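> Handing you this structure, nothing more for now.
The values are calculated or read from the model by the stated rules, or taken from the named source; none is laboratory data. Predicted, not measured: the structure shown is a model, and the values here were computed from it. When we count neighbours, we look across all protein chains shown, and the Cβ atoms used for this are built from the backbone with ideal geometry, even at glycine.
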Amino acid sequence: LKETSASPPPLLFLLSPHPPELCFSAAMPQTQSSTAASGGGGRLRDAFGGVLCAFTLLLIGLLAFSIRLFSVIKYESVIHEFDPYFNYRVTQFLSKNGVYEFWNWFDDRTWYPLGRVIGGTVYPGLTLTAGTIWWLLNSLNIPLSVETVCVFTAPIFSANASWATYLLTKEARGPGAGLMAAAILAMVPSYISRSVAGSYDNEAVAIFALIFTFYLYVKTLNTGSLFYAALNSLSYFYMVCSWGGYTFIINLIPMHVLLCIVTGRYSSRLYIAYAPLIVLGTLLAALVPVVGFNAVMTSEHFASFLVFIILHVVAMVYYIKGLLTPRLFKVAMTFVITVGLAVCFAVAAVLIALVASSPTKGWSGRSLSLLDPTYASKYIPIIASVSEHQPPTWPSYFMDINVLAFLSCFLPLSDASSFLVLYLVTSVYFSGVMVRLMLVLAPAACILSGIALSGAFSVLTRSMKFQRQTSENAGDGSSNALANSETASKEKPSKKNRKRDKDSEGSSPADHMTEEKLLVLPCGPAAVGIMLLIILSGFYVIHCVWAAAEAYSAPSIVLTSRSHDGLHVFDDFREAYGWMRHNTDVDDKVASWWDYGYQTTAMANRTVLVDNNTWNNTHIATVGTAMASPEKEAWEIFSSLDVKYVLVVFGGLIGYPSDDINKFLWMVRIGGGVFPHIKEADYLRDGNYCVDAHGTPTMLNSLMYKLCYYRFVETDGKGFDRVRRYEIGKKHFKLTHFEEVFTTHHWMVRVYKLKPQKNRVRGKLKLKPAGRSSSKANSMRKIGGKKNPWQ
Amino acid sequence: MAPRPHRHLLLLLLPLLFLAGALVGADDLVSELQSLRARSPSGVIHLTDTSVTRFLSAPAARRPYSVLVFFDAASLHSKPDLHLPQLRTEFALLSASFLAHNPGSGDLFFADIEFAESQHSFHQFGVNSLPHVRLIRPEHSTLAGSEQMDQSHFGRLADSMAEFIESRTGLEVGPIVRPPLLSRNQIILLGILFLISIPFGIKRIIEGETLLHDRRVWMSGALFVYFFSVSGGMYGIIRHTPMFLTDRSDPNKLVFFYQGSGMQLGAEGFAVGFLYTLVGLMIAGVTHLLVRVESLQTQRLAMLAVMVIGWWAVRKVIYLDNWKTGYSIHTFWPSSWR
């Protein structure tokens, strides 16, 4: 019932963008040419248009916010997945201890015994934003919990992002297209997937920052105002604070500047838009601890500096050109080019030598795999293995941007939108390499689709409004020439391409009418065309609502499944973390695979060995080795790390496929990468991974197998695993070094305690293990040999 | 009296002699293999049935070396999904790199066998599928008992094969030396050409009459990138997926569309990418070009065609997507409406 009641608002909003949009495509030319025909009616129309526009934007914001609430309505107001739990924990710390404490925070609850410097290794933008919102609300006496603020940060920022989209598109193409693009972005599935309520991750605010930075850049480019240029670098700073994806901006804007220079469109506005951004932006970026000197040291930023130099050279050339006579200029030019080239080569040689001295040529692995798509799969399997880094297939495009895929290749033939086109082309290429970057493509696709749809609607409605008289052929030639001359006067002279710019319609009412009449289509087909476009947009809305409701709203911390006898809710994760929080000592160390590290620290408040930050491969490999070893060796590894509890996630009882048994091969691989006595082949029977009767003895004796399947046969008497769909290989066994302390309701999380060392029995043990002090560690070394990597 | 100790001595000496003989034989084999290796440019020895018996079937004591054998079949080189020629060149690279790192080594030799001329050996090794690489170490007594290289070791080509060798024999292969794409002289020549062309290029750019100033070049380039990415072409490049598969049950039938969203074939991606691009281009054509056409009749016909084709294309993509991913997209209506 909740689902259905939630759906009408989005469906109602579906049509709301169109009427104002249509109004505006007709009204805007009026506002621009109001100097010629300004009257009371026109002004009223403007005012009405302005109010309608503001109201529509408000509705769009509401739509963007409410379409992301499916997760709260269907589940509850919880933080989702893995990384958001870390962000939540950091925000809690920030709101409790203040900014300075946060900045200097050394976290000893994770990566035991190493710890992690949080303040210097996170992008602080998201945390600071949510912290500020919380502080603001609390000082207004609105007592919301930190968790609530965190849950709703992403929907709030997607409303902001759709407004930013409006501004950007308006700057490039006018308010009609802007509203259309904003409405489309408000519900694009790709963005929803990262910003549903509860998905408290960097991307949620970063996409807003990305679009807003682009808006300010285009705004500066159009106005040439230093004020906007300064704002632009501040916005860039916010983006750098929020997400590592800022390198996309710092490469895309230089590319556009270079494109402008090469195609002969240098202007002082271009200089103002670019130079302050680089100087101020780089200085500000270096202030963010996690970026620091990377802002000037790594190759990702070199392109911007190179273009900065080129821009100055070009600016100087233009300046000198203005000073000198053409002949003198020619002489000067030859001179400058010869000297300049010599200097350039010297600099380039030094740079190349510097860059070449680093093994990866100064690029990070992820950036390199974007430039050379096959790089990661060849050399960095750990990057290639992450599911977010896979190349997408065509259904992913259909799933994530839906009908926009049809529309965004509609390139508007306008000067102002060359930046948008460049944005689309680069982002569509990047998204082709990594499915994760679909998120960067989404705004570009929305903006261009908005422009395309708005253009199509405008042409078709105009065709229905004004009918062409067939007898007016005589007037066509002259009006055509007039239109062309107008276009030419608006554009730069270098562009000779015939193009239609609907904003350039008529400077006087008479011209307006003739040109309107020229550029129309037959009425009947136009009406059908409008119908088809509305159906297409309707399908888009249905798809988006469906994707938001069904595909992207699962929090993955609470699972549901629908069967014939109703809805089942599996809340085992929180059950287990809650148990640990209440039943274990506050300083106990918990070992689990790294996926559950963030959740354990945030929800159970216990110290973990490894977490989702994965900065230390050796540490992860140690845990992987322990999980892959037999019980005794695993016990030795764990007790040398002071571990008291081991947590495994097991889905065999209810059929939860992403459990530890299915991730186990990665543990073996990563463990074997550092400790060679773990060999993947030992866990595979004829290259197949199985835990049934054909499983290898190493596999069936590994700690992971034992902890997952301990007492499993008691559930149904046969030990049938519902994920792997067969009976397990070893059903009856006892644990010698671990004891089961807690298993959740559906057996999804099982917690084991390390048994204490056995008492010494006279005459039985030759080597005496005495207590859990360092002397024990020494004796362990003799017994365990080199199996334990920590000794 | 005298012969007795003598006989004892003889009995003692016999095994010694035998051993010495074996060692001499081993030395012979090693030097023979080394000379064979020297003849091949990459150091891969070509084995036949006779040389297999000579070098590999010999008793273990007589071969103190390991041999890594690549099983090749010229008749299967044309099968693209086996990647035999590529693996063979990688194998040669591996051999050359090993030789460069350990010159004159007698511990490990690289060899290849061709199926058509040495069927007997294939049978002896028990090889019935390719690609197949085997390592015969001194302690392996029978040919079939030697160790097969796992499929996973072909994954990263020469690098992973080197890891296999290092883990099994303890010998260090050293860095894989790949021949550069262009030789040194070519690079220098290209560099000089590039340097010379720079001033001319700058001049042309300033005059504003290069290819770069033509909008159509930019447009078609952008369209191509769009088309290529949206059709998942990158997936094809990274995963080396073929354009189409042959049906398992019926070899004459070709499979162009693969069910399941995790994988795609080249042809289906390009077909759908073409539909994506086509619809967009048609709408662009209507709003920007068709409005300029004089004849009403042409406009009508063109719009009709665009709408019919557009309708069909969108329907087709939606159908294909639902079929491939198995999703069923549905609306949410108020429950009282049902």
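> So which residues in the range A:123-158 are of a type in the set (Ser, Thr, Tyr) and touching a residue at least 12 places away in the same chain (Cβ under 8 Å), if there are any at all?
A:TYR123, A:THR127, A:THR129, A:THR148, A:THR153, A:SER158
> Does at least one position in the range A:269-279 carry a residue that is basic (Lys, Arg) and loosely packed, with under 15 Cβ neighbours inside 10 Å?
No - not one qualifying residue is present in the range A:269-279.
> Is one or more of the residues making up the range B:204-221 surrounded by 14 or more Cβ atoms within 10 Å (Cβ to Cβ), modelled with pLDDT of 80 or more and at the interface with chain A (Cβ under 10 Å from one of its Cβ atoms)?
Scanning the range B:204-221, I find no residue that is surrounded by 14 or more Cβ atoms within 10 Å (Cβ to Cβ), modelled with pLDDT of 80 or more and at the interface with chain A (Cβ under 10 Å from one of its Cβ atoms), so the answer is no.
> Another question, if that's okay. Looking at the range A:67-131, what helices (runs of 4 or more DSSP H) fall wholly within it and have at least 3 residues that are surrounded by 18 or more Cβ atoms within 10 Å (Cβ to Cβ)?
Counting at least 3 such residues, we get A:70-74, A:83-97.
> Sticking with this one: Just one of the numbered conditions (1) on the phi > 0 side of the Ramachandran plot; (2) surrounded by fewer than 17 Cβ atoms within 10 Å (Cβ to Cβ) is not true of A:GLY719; which one?
(2)
> Considering A:LEU231, A:LEU270, A:LEU283, A:LEU216, which residue is in contact (Cβ under 8 Å) with a residue 24 or more places away in the chain and aliphatic (A, V, I, L, M)?
A:LEU270
> So for the range A:633-646 (the condition being in contact with a helix residue (DSSP H, G or I) (Cβ under 7 Å, 6 or more places away or on another chain), within 14 Å of chain B (Cβ to nearest Cβ) and touching a residue at least 40 places away in the same chain (Cβ under 8 Å)), does at least one residue qualify?
no
> Moving on to the next point. With a cut-off of at least 2 residues that are crowded, with 21+ Cβ neighbours inside 10 Å and polar (S, T, N, Q), name the helices (runs of 4 or more DSSP H) lying wholly within the range A:135-195.
Fully inside the range A:135-195 and qualifying: A:146-173, A:189-195.
> Sticking with this structure for a sec: Check the range B:254-268 and report whether any residue there is closer than 30 Å to A:ALA551 by Cα, in contact (Cβ under 8 Å) with a residue 40 or more places away in the chain, of a type in the set (Ser, Thr, Tyr) and more than 7 Å from chain A (Cβ to nearest Cβ).
yes
> Kindly list the number of the only condition in (1) assigned to a helix (DSSP H, G or I); (2) in contact (Cβ under 8 Å) with a residue 24 or more places away in the chain; (3) aliphatic (A, V, I, L, M) that fails for A:VAL296.
Evaluating A:VAL296 over (1) assigned to a helix (DSSP H, G or I); (2) in contact (Cβ under 8 Å) with a residue 24 or more places away in the chain; (3) aliphatic (A, V, I, L, M) leaves (2) as the failure.
> With respect to the numbered conditions (1) modelled with pLDDT under 80; (2) within 20 Å of the chain's Cα centre (by Cα); (3) buried (at least 16 other Cβ atoms within 10 Å of the Cβ), which one is the sole condition not fulfilled by B:GLN86?
(3)
> Here is a further query. Within the range B:101-109, can one find any residue that is under 30 Å from A:ARG685 (Cα atoms), more than 14 Å from every other protein chain (Cβ to nearest Cβ) and free of Cβ contacts under 8 Å to residues at least 12 places away in the same chain?
So far as the range B:101-109 goes, no, none of its residues is under 30 Å from A:ARG685 (Cα atoms), more than 14 Å from every other protein chain (Cβ to nearest Cβ) and free of Cβ contacts under 8 Å to residues at least 12 places away in the same chain.
> Also, I was wondering about something else. Under 9 Å between Cβ atoms, which residue pairs at least 6 apart in sequence (or on different chains) link something in the range B:280-300 that is facing chain A (nearest Cβ under 7 Å) with a partner that is outside any helix (DSSP H, G or I) and of a type in the set (Gly, Ala, Ser)?
B:GLY280/A:SER408
> I've got another one for you. Do we have any residue at all in the range A:300-313 that's out of contact with any Pro (no Cβ under 8 Å at 6 or more places or on another chain), touching a residue at least 24 places away in the same chain (Cβ under 8 Å), part of a helix (DSSP H, G or I) and more than 30 Å from B:GLY201 (Cα to Cα)?
no
> Let me ask another. Filter the range B:125-162 down to the residues that are under 20 Å from A:LEU684 (Cα atoms) and acidic (Asp, Glu), then identify the one that is modelled with the highest pLDDT.
Out of the qualifying residues, it is B:GLU147.
> I would also like to ask the following. Mind checking which residues of the range B:303-312 are within 30 Å of B:GLY262 (Cα to Cα) and within 8 Å of another protein chain (Cβ to nearest Cβ)?
Hits for the range B:303-312 are B:GLY310, B:TRP311.
> Looking at (1) touching a Pro at 6+ places or on another chain (Cβ under 6 Å); (2) touching a residue at least 24 places away in the same chain (Cβ under 8 Å), which is the only condition B:VAL306 fails?
Evaluating B:VAL306 over (1) touching a Pro at 6+ places or on another chain (Cβ under 6 Å); (2) touching a residue at least 24 places away in the same chain (Cβ under 8 Å) leaves (1) as the failure.
> Would it be correct to say that B:MET234 is modelled with pLDDT of 75 or more, more than 12 Å from chain A (Cβ to nearest Cβ) and in contact with a Gly (Cβ under 6 Å, 6 or more places away or on another chain)?
The answer is no for B:MET234.
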